[in-house]
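**Student:** This is the structure I want to talk about, given as structure tokens.
The values are calculated or read from the model by the stated rules, or taken from the named source; none is laboratory data. No experiment lies behind these values; they were computed from the predicted model shown. Cβ placement follows ideal geometry from the backbone for every residue including glycine, while neighbour counts extend to all protein chains displayed.
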Amino acid sequence: MKAVEFLTLLFVVFWVNPVIADDIPKTVKELFADFDPRKEPLDAKVVREWENDGIAYRYVTFHIGNFKGTLARMAAFYAFPKGALKLPGLLHLHGGGQRAFLHEVEFYAKRGYACLSINWGGREMEEAMPGDPNTDWGAVDPTQQNVPGYFNLKPGDKHLDPVESPRNNNWYLLTLGARRGLTFLEQQKEVDPEMMGLYGHSMGGNLTVYVAGTDDRVKVAAPSVGGSGFRTQPWPLLPEQRKQSVNGDVGLFDATIGFESYAPHIKAPLLWLGATNDFHGIMDDTYRTGELIPHQNVRYAFTPHMNHRFTPEFAVARPLWIDQFLKGSFTFPGTPESKLVLTAEDGVPVLEVTPDTSLPIERVQLLYSVDPDPQARFWRTAQATKDGNLWIAKLPILSVEQPLLAYANVYYKIPKNSSAPQAEPSDSLAISSMLHTATPDDLRREEVKATDARSSLIDEFSHGWQDWYTLSANNPHHWEYSTRKLNDPKWQGQPDEKLALEVNSEHNNELVIVLTENFFRSYRGKSQEFVAVVKLCGGKPETISLMPDAFTTTTGEKLSSWKNVDLLSFRAYFEKEGRLLGSKSWKGPQPNFHELRWTTGQH
């Protein structure tokens, strides 16, 4: 055999068959043991650079690695205060369906960081010009063009190994790419390589946990609504919920790709930013995963009632957390001490919360729920009393056949307004306690008593939107107010009842009321939206009463009962499948809502 032919064969064997079955990594450490993120030259190139308001911006590309004999390169945005040196470096990891963001690098550059936002998903870069290079993964594809790859271990055209292996999973390749982003940062003269952190939202939150669990250069991490483990395992409180299936061996996936296997390796301080009803970053699993992190420097900040977004006092937690460990300019309060007591003399459970007092406390909100489904559950605000620095609230329940969950949010006054990307500035910071869970077996064993009673009054709005979440609340035409309260047995509608609302609109308008069945509850039935449009006369309070059949889908199907309603929304309009109900031009100020209740009376 000629020398050239031998080298060609050797090249093919090395790249097409990089591992054999006996060499398959079976742990996180084995999976990344042969990867040195500094080894190969970055070959970084500047596509374009510009300056604005004292900030230097660069559109760059750099070498990720050689996969199956083909080069892969990453595109990214990089920004820093012009002329600055030895800045803390920050890596931004975008979410699914998104791309590298200029507003992210700009925000943190103006805050005193050198920030890199990598375009791991390969979408066209912002303000791209014809011919601009983009991320190119070459012979592999860990982007959302290859969605099955995120739960895959099997070989394939766009996967790395010819045998079942965790190296065939998208997250493995994306973790390599993100760690190369850290290498890019540490090689920039503007960056202090000993002070680097990372953060990401949704799928970027996933990637944040993967990188923090594999790279000791990370000095602070802040994932949001992503990185919660146990994705292939049934929820302990709700085994009927369908879990994610894996194309390959589930045990191997959990040991090498499951977030719960990365948590024990995380050394950096970590803040988990979440939303109690998130579809992706499951609250219960986030806490379960966080408890596996060996150090104690972990915080949680869960916005009540929300899905995949946060109110400002929670959003600012992330930049302040990053500031603490990369700049030393802020000190976070400790996680509030909390205890769920099931052994009270009267049989009513009690939540006790003692917050850290290192910052002035604005308020403490104690919340509890009886719904086993973390995505759809309604969180009740408990009536709390204060004794010194101890907040105490009784948690009455209707039945011991449902679980009891409880946690608290502590709202602090911060010295000056802070902000976060795409969030309003806030002079408050909110952080969460640990999550406490009692199963029905726990409740029966401790002889907890069911002392609560059903209420026909759903809300009289004396606490504003405390039990609701709001979207575009300040927009005069696109506002939306939603609550999950109707899926709590305490406020669930009965077959003979009407939904009655007292409301006042200044002008003639159409109020749109949307009821959603089986929201996130595929195990219970099809999720559908049922809509009723109510004409408001304007100028005075009026009461509307509606039976279930007043609500219909866009195809004309009528709501048959209140039983499976998970979500109620008041909206200015509803638009779906080309059909518009209500109006995008609401007249006058938003309506005043006075009372929402169940009634059997006539109106």
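**Student:** Just to be sure, is residue 514 part of a strand (DSSP E or B), more than 27 Å from the chain's Cα centre (by Cα) and surrounded by 14 or more Cβ atoms within 10 Å (Cβ to Cβ)? Steps first, please.
**Tutor:** Working: part of a strand (DSSP E or B): yes; more than 27 Å from the chain's Cα centre (by Cα): no; surrounded by 14 or more Cβ atoms within 10 Å (Cβ to Cβ): yes.
Answer is no for this residue.
**Student:** Let me ask something else about it. Restricting the search to the range 376-397, which residues are part of a loop (DSSP other than H, G, I, E, B) and either out of contact with any strand residue (DSSP E or B) (no Cβ under 7 Å at 6 or more places or on another chain) or surrounded by fewer than 14 Cβ atoms within 10 Å (Cβ to Cβ) (or both)? Show your work before the answer.
**Tutor:** Restricting attention to the range 376-397, the residues satisfying the condition of being part of a loop (DSSP other than H, G, I, E, B) are 376-379, 382-383, 388-389, 395-397.
Hits for the range 376-397 are 383, 388, 389, 396.
**Student:** Limited to the range 127-149, what total is found for residues that are of a type in the set (Gly, Ala, Ser) and either in contact with a strand residue (DSSP E or B) (Cβ under 7 Å, 6 or more places away or on another chain) or on the phi > 0 side of the Ramachandran plot (or both)?
**Tutor:** The number of residues fulfilling the criteria is 3.
**Student:** Would you check if residue 203 is of a type in the set (A, V, I, L, M, F, W, C), modelled with pLDDT of 95 or more and surrounded by fewer than 24 Cβ atoms within 10 Å (Cβ to Cβ)? I'd like the intermediate steps shown before the answer.
**Tutor:** Values: of a type in the set (A, V, I, L, M, F, W, C): yes; modelled with pLDDT of 95 or more: yes; surrounded by fewer than 24 Cβ atoms within 10 Å (Cβ to Cβ): no.
No.
**Student:** Kindly indicate whether residue 524 is over 27 Å from residue 380 (Cα atoms), surrounded by fewer than 21 Cβ atoms within 10 Å (Cβ to Cβ) and either basic (Lys, Arg) or touching a Lys or Arg at 6+ places or on another chain (Cβ under 8 Å) (or both).
**Tutor:** No; evaluated as a whole, the condition is false for this residue.
**Student:** I've got another one for you. Tell me, please, whether a residue that is in a helix (DSSP H, G or I) and either touching a residue at least 40 places away in the same chain (Cβ under 8 Å) or among the aliphatic types (A, V, I, L, M) (or both) can be found in the range 289-303.
**Tutor:** yes
**Student:** Are any residues in the range 227-243 on the phi < 0 side of the Ramachandran plot and buried (at least 24 other Cβ atoms within 10 Å of the Cβ), and if so, which ones? Show your work before the answer.
**Tutor:** Taking the range 227-243 and keeping what is on the phi < 0 side of the Ramachandran plot, we get 228-229, 231-243.
Of everything in the range 227-243, just one residue is on the phi < 0 side of the Ramachandran plot and buried (at least 24 other Cβ atoms within 10 Å of the Cβ), namely 228.
**Student:** Ok, one more. I'm told residue 148 meets every condition in (1) surrounded by fewer than 16 Cβ atoms within 10 Å (Cβ to Cβ); (2) within 20 Å of the chain's Cα centre (by Cα); (3) not in a loop (DSSP other than H, G, I, E, B) except one. Can you identify the failing condition by its number?
**Tutor:** (2)
**Student:** Still on this structure, please answer the following. From the residues in the range 79-99 that are farther than 24 Å from residue 124 by Cβ and assigned to a loop (DSSP other than H, G, I, E, B), which one is farthest from the chain's Cα centre (by Cα)?
**Tutor:** If we take residues in the range 79-99 being farther than 24 Å from residue 124 by Cβ and assigned to a loop (DSSP other than H, G, I, E, B), then 83 is farthest from the chain's Cα centre (by Cα).
**Student:** Same structure, new question: Test each condition in (1) surrounded by fewer than 23 Cβ atoms within 10 Å (Cβ to Cβ); (2) more than 26 Å from the chain's Cα centre (by Cα); (3) of a type outside the set (A, V, I, L, M, F, W, C); (4) under 25 Å from residue 244 (Cα atoms) for residue 138 and report the one that comes out false.
**Tutor:** (4)
This table checks each residue for (1) assigned to a strand (DSSP E or B); (2) more than 30 Å from the chain's Cα centre (by Cα).
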site: 58; (1), (2): yes, no
site: 61; (1), (2): yes, no
site: 71; (1), (2): yes, yes
site: 105; (1), (2): no, no
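**Student:** Check residue 76 against each of (1) part of a loop (DSSP other than H, G, I, E, B); (2) surrounded by 24 or more Cβ atoms within 10 Å (Cβ to Cβ); (3) not polar (S, T, N, Q) and name the one condition it does not meet.
**Tutor:** (1)
**Student:** Further, regarding this structure: On the given criteria, is residue 502 within 30 Å of residue 237 (Cβ to Cβ), touching a Ser or Thr at 6+ places or on another chain (Cβ under 6 Å) and either modelled with pLDDT under 95 or of a type in the set (Asp, Glu) (or both)? Full working, then the answer.
**Tutor:** Numbers: within 30 Å of residue 237 (Cβ to Cβ): no; touching a Ser or Thr at 6+ places or on another chain (Cβ under 6 Å): yes; either modelled with pLDDT under 95 or of a type in the set (Asp, Glu) (or both): yes.
Against the criterion (within 30 Å of residue 237 (Cβ to Cβ), touching a Ser or Thr at 6+ places or on another chain (Cβ under 6 Å) and either modelled with pLDDT under 95 or of a type in the set (Asp, Glu) (or both)), residue 502 does not qualify.
**Student:** Another question about this same structure. Take the residues in the range 98-126 that are of a type in the set (D, E, K, R) and out of contact with any Lys or Arg (no Cβ under 9 Å at 6 or more places or on another chain); name whichever of them is surrounded by the most Cβ atoms within 10 Å (Cβ to Cβ). First the steps, then the outcome.
**Tutor:** Our first condition is that a residue be of a type in the set (D, E, K, R); within the range 98-126, this holds for 99, 104, 106, 110-111, 123-124, 126.
With out of contact with any Lys or Arg (no Cβ under 9 Å at 6 or more places or on another chain) added as a condition, the list becomes 104, 106, 110.
Numbers: 104: 24, 106: 19, 110: 15.
Per the stated criteria, the residue is 104.
**Student:** Another question, if that's okay. Within the range 441-455, does at least one residue satisfy the condition of being within 24 Å of residue 278 (Cα to Cα) and without any contact (Cβ under 8 Å) to a residue 60 or more places away in the chain?
**Tutor:** No, the range 441-455 contains no residue that is within 24 Å of residue 278 (Cα to Cα) and without any contact (Cβ under 8 Å) to a residue 60 or more places away in the chain.
**Student:** Among the residues of the range 524-574, write down those that are of a type in the set (Lys, Arg) and without any contact (Cβ under 8 Å) to a residue 12 or more places away in the chain. Step through it out loud before you land on a result.
**Tutor:** Looking only at the range 524-574, we keep the residues that are of a type in the set (Lys, Arg), and these are 524, 526, 535, 540, 558, 563, 571.
Scanning the range 524-574 gives a single hit, 526.
**Student:** Residues in the range 187-198: is at least one under 21 Å from residue 264 (Cα atoms) and aliphatic (A, V, I, L, M)? Before the answer, list the steps.
**Tutor:** Filtering the range 187-198 down to residues under 21 Å from residue 264 (Cα atoms) leaves 196-198.
Keeping just the survivors that are aliphatic (A, V, I, L, M) gives 196, 198.
Checked the range 187-198: at least one residue is under 21 Å from residue 264 (Cα atoms) and aliphatic (A, V, I, L, M).
**Student:** Out of the strands (runs of 3 or more DSSP E) lying entirely within the range 426-480, which hold 2 or more residues that are within 16 Å of residue 369 (Cα to Cα)? Before the answer, list the steps.
**Tutor:** Numbers: elements: 436-438, 457-459, 469-471.
Hits in the range 426-480: 436-438.
**Student:** Quick check on the range 369-378. Is at least one of its residues on the phi > 0 side of the Ramachandran plot and out of contact with any Leu (no Cβ under 7 Å at 6 or more places or on another chain)?
**Tutor:** From the range 369-378, those on the phi > 0 side of the Ramachandran plot are none; that's our starting set.
Within the range 369-378, none of the residues are on the phi > 0 side of the Ramachandran plot and out of contact with any Leu (no Cβ under 7 Å at 6 or more places or on another chain).
**Student:** Would you point out the residue of the range 548-603, among those that are hydroxyl-bearing (Ser, Thr, Tyr) and in a strand (DSSP E or B), that is nearest to residue 471 (Cα to Cα)?
**Tutor:** Initially, the range 548-603 is screened for residues hydroxyl-bearing (Ser, Thr, Tyr), giving 552-555, 560-561, 569, 573, 583, 585, 599-600.
With in a strand (DSSP E or B) added as a condition, the list becomes 552, 569, 573, 599.
Working: 552: 23, 569: 10, 573: 13, 599: 28 Å.
Among those that are hydroxyl-bearing (Ser, Thr, Tyr) and in a strand (DSSP E or B), it is 569.
**Student:** Same structure, new question: From the set of residues in the range 427-453 that are assigned by TED's automatic domain parsing to the domain that holds residue 403 and polar (S, T, N, Q), which is surrounded by the most Cβ atoms within 10 Å (Cβ to Cβ)?
**Tutor:** Out of the qualifying residues, it is 432.
**Student:** While we're here: Restricting the range 19-56 to residues that are aliphatic (A, V, I, L, M) and not in a loop (DSSP other than H, G, I, E, B), which is farthest from residue 106 (Cα to Cα)? Outline the logic, then answer.
**Tutor:** Here is the first cut: in the range 19-56, the residues aliphatic (A, V, I, L, M) are 19-21, 24, 28, 31, 33, 42, 44, 46-47, 55-56.
Narrowing the set further to residues that are not in a loop (DSSP other than H, G, I, E, B) leaves 21, 28, 31, 46-47, 55-56.
Details: 21: 46, 28: 34, 31: 35, 46: 17, 47: 18, 55: 8, 56: 9 Å.
By that ranking, first place goes to 21.
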